[in-house]
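The values are calculated or read from the model by the stated rules, or taken from the named source; none is laboratory data. Computed from a prediction, not measured in an experiment: that's the story for all the values here. FYI the Cβ positions are ideal-geometry reconstructions off the backbone, even for glycines, and counts take in every protein chain you see.
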Amino acid sequence: MSQLENLKSELKNINQEYAKMKDLPPGQRKDFGIKLNAKKQDILAQIAELTAAAETGPVLPIDITAPAAPGQPLPSLSRGTKHPLMTELDRVIDIYNRMGFNVMESYQLDDEFHMFESLNFPAGHPARDGYDTFRTAEGFIPPAHTSTMQHRALIKYRQDLLNGGQIAVVIPGRVFRNEDVDATHEHTFYQCEGVFVSEDANLGQMLGVLRNFFEIYYGQKLRVKTQPGYFPFTEPSLEFLIEKPAALGGSGWLEVLGCGMIHPNVLRAAGIDPAKYRGFAWGGGIDRLVMLKYGLSDVRFFESAKLDFLKEF
């Protein structure tokens with residue numbers, strides 16, 4: 001038994017000694033209590049000193065492949081698993097890959113230009129209020145949407161477009177918003193952005209891409225529809241809806257992402273001539289996709305670290 005374990009055992013015995021005070025004559029109880037308290041405080045001080053030393057001492061490497069010492073049991077090891085959001089994000093990326101889209105990962109710290117100016121949000125634009133997010137002391141922004149990468153994607157693949165090809169990119173990443181957390185809202189979640197530019201890109205192509213994605217992801221035929229929306233970086237802007245997947249009963253409509261034709265100002269900012277090229281873009285939450293797929297009721301489960309929930313996947 002280690003010294004720390006011995007001290008804890010002694011402390012347990014002292015706590016049991018207090019019960020004897022009631023059987024002592026009244027004149028002896030005070031001295032008995034004083035001596036017992038002094039002994040207890042001494043043991044507590046030694047325990048605190050040993051615990052602090054263990055926490056601040058060097059961490060020695062452990063070879064988990066080495067055989068156990070004689071008489072010692074083998075350590076109990078359990079295998080880790082991939083988080084359900086990462087599993088589903090891989091599936092999302094795989095579907096878009098097979099549709100011909102390249103992949104860029106979003107930044108987790110960005111700047112004012114990529115968050116707003118490059119996306120047709122000039123300074124003082126009222127639409128900025130809808131993207132309330134956090135800021136670091138240095139002025140960097142944990143992005144509120146993966147659209148912060150749209151300007152970089154257009155520039156990175158611009159030469160492919162100028163050579164007669166097209167720009168086709170999806171951008172998964174984590175985003176951060178100043179939200180009141182409840183069953184359907186989180187301050188930290190995942191999105192996937194899509195960007196497509198060519199000489200003849202149109203809304204019909206965009207709706208075909210999105211419908212194809214959702215039917216593959218949910219493994220069933222789906223009706224889709226759009227309704228008017230507003231985003232400074234698209235014109236026209238639309239909200240894309242699908243009928244509820246089978247996991248939710250298959251009745252009614254659900255808005256799953258925002259989309260639209262890329263605004264000419266966004267193309268110009270990336271050095272692309274909007275008189276010659278057109279594009280469309282979309283963006284939506286991964287957490288919501290997974291909730292719909294498995295019929296989950298609370299988005300907070302994903303960040304809860306509850307093993308009983310995670311083990312279901």
(request) Within segment 245-265, track down each residue that is touching a strand residue (DSSP E or B) at 6+ places or on another chain (Cβ under 8 Å), buried (at least 17 other Cβ atoms within 10 Å of the Cβ) and either part of a strand (DSSP E or B) or in contact (Cβ under 8 Å) with a residue 40 or more places away in the chain (or both). (result) VAL256, LEU257, GLY258, CYS259, GLY260, MET261, ILE262, HIS263
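If you take the residues in segment 107-123 that are polar (S, T, N, Q) and at pLDDT 85 or above, which one is farthest from PHE140 (Cα to Cα)? If you could, list the steps in order and put the result at the bottom.
Step one: of segment 107-123, the residues polar (S, T, N, Q) are 108, 118, 120.
Within this subset, residues satisfying the condition of being at pLDDT 85 or above are 108, 118.
Values: GLN108: 10, SER118: 16 Å.
Restricting to residues being polar (S, T, N, Q) and at pLDDT 85 or above, the top hit is SER118.
Restricting to segment 271-283, and then to whatever is crowded, with 21+ Cβ neighbours inside 10 Å and of a type outside the set (Ser, Thr, Tyr), can you tell me which residue is farthest from TYR96 (Cα to Cα)? Even if it seems obvious, please write down each step before you answer.
Here is the first cut: in segment 271-283, the ones crowded, with 21+ Cβ neighbours inside 10 Å are 272, 277, 279-283.
Checking the rest, the ones that are also of a type outside the set (Ser, Thr, Tyr) come to 272, 279-283.
Working: ILE272: 24, GLY279: 17, PHE280: 15, ALA281: 14, TRP282: 13, GLY283: 13 Å.
Of everything passing the filter in segment 271-283, ILE272 is farthest from TYR96 (Cα to Cα).
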(request) Please work out which one of (1) out of contact with any Pro (no Cβ under 6 Å at 6 or more places or on another chain); (2) free of Cβ contacts under 8 Å to residues at least 60 places away in the same chain is the condition ALA270 fails and give its number. (result) (2)
(request) Any residue in segment 196-208 that's among the small types (Gly, Ala, Ser): show its pairings with residues that are part of a loop (DSSP other than H, G, I, E, B) at Cβ separation under 6 Å, as long as the two are six or more apart or on different chains. (result) SER198/GLN166
(request) Test ALA137 against the stated conditions and say whether it is at pLDDT below 85, assigned to a helix (DSSP H, G or I) and either under 17 Å from ILE262 (Cβ atoms) or not polar (S, T, N, Q) (or both). (result) no
(message) For segment 168-200, give me each residue that is of a type in the set (Val, Ile, Thr) and not in a strand (DSSP E or B).
(response) VAL181, THR184
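Quick one: in segment 13-26, of everything that is of a type in the set (D, E, K, R) and surrounded by 10 or more Cβ atoms within 10 Å (Cβ to Cβ), which residue is farthest from ILE43 (Cα to Cα)?
From segment 13-26, those of a type in the set (D, E, K, R) are 17, 20, 22-23; that's our starting set.
Among the residues that remain, those that are also surrounded by 10 or more Cβ atoms within 10 Å (Cβ to Cβ) are: 17, 20.
Values: GLU17: 14, LYS20: 20 Å.
For segment 13-26, the residue satisfying everything is LYS20.
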(request) Filter segment 170-211 for residues that are of a type in the set (A, V, I, L, M), touching a strand residue (DSSP E or B) at 6+ places or on another chain (Cβ under 9 Å) and over 28 Å from GLU243 (Cβ atoms) and give the result. (result) VAL197
